[in-house]
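The values are calculated or read from the model by the stated rules, or taken from the named source; none is laboratory data. Fair warning: this is a prediction, and the values are worked out from it, not measured in the lab. Cβ coordinates were reconstructed from backbone atoms using ideal geometry, including for glycine residues, and neighbour counts include every protein chain displayed.
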Ligand code: HEC
């Protein structure tokens, strides 16, 4: 019957791909969530990824994993589409957002980003979310 137990553990892990990090050894700037799956990206999502790494990862961490003491994870159920829509994401990017859901300070406004760039960024964030069971 060991196989049943193993199977259960495997299923439990598979349904919880975003795992709690080991906070006992965590340091400032470390990821806040573990991103278990990196999706295959469309061309537009890959453009979003490049932009994200250059402009957003300093606060939101690699692939949106968040950074301890710095910025929130975007691959988080708090940001699932039904809770924070693409429109909400778009507004935060165009107008900025004062601390609402977390205590990391301001999300800076990026009125310099084009509509195409914003769409690519959101498309990329949603792809990583979906790959990690946040839908
Ligand atoms: C200086 C740090 C910082 C940078 C750089 C930054 N953000 Fe944020 N962002 C934040 C913080 C802090 C929040 C959370 C605000 C709150 O408490 O609700 C946030 C929230 C968000 C949200 C959620 C908005 C909502 O619906 O509530 C999105 C999406 C987002 N950021 C995307 C981006 C993208 C894309 C970039 C790069 C272009 C970026 N951020 C750059 C700090 C930052």
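Figures for the structure shown
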{"read-out": "The lone exception for residue 99 - which of (1) over 16 Å from the mean Cα position of the chain (by Cα); (2) under 22 Å from residue 54 (Cα atoms) it fails", "value": "(2)"}
{"read-out": "Matching residues in segment 110-135 - criterion: being near the ligand (Cβ under 10 Å from one of its atoms) and not in a helix (DSSP H, G or I)", "value": "110, 112, 113"}
{"read-out": "Unique match (being near the ligand (Cβ under 7 Å from one of its atoms), part of a loop (DSSP other than H, G, I, E, B) and in contact (Cβ under 8 Å) with a residue 24 or more places away in the chain) among 74, 51", "value": "74"}
{"read-out": "Matching residues in segment 73-89 - criterion: being under 16 Å from residue 110 (Cβ atoms) and buried (at least 16 other Cβ atoms within 10 Å of the Cβ)", "value": "74, 89"}
{"read-out": "Residues that are over 22 Å from residue 54 (Cα atoms) and surrounded by 13 or more Cβ atoms within 10 Å (Cβ to Cβ), drawn from segment 102-129", "value": "102"}
{"read-out": "Criterion (in contact with a strand residue (DSSP E or B) (Cβ under 8 Å, 6 or more places away or on another chain) and surrounded by fewer than 14 Cβ atoms within 10 Å (Cβ to Cβ)) met by exactly one of 96, 69", "value": "96"}
{"read-out": "Unique match (being surrounded by fewer than 15 Cβ atoms within 10 Å (Cβ to Cβ) and at pLDDT 95 or above) among 57, 50", "value": "50"}
{"read-out": "Subset of segment 77-99 [near the ligand (Cβ under 7 Å from one of its atoms), within 19 Å of residue 134 (Cβ to Cβ) and not in a helix (DSSP H, G or I)]", "value": "84"}
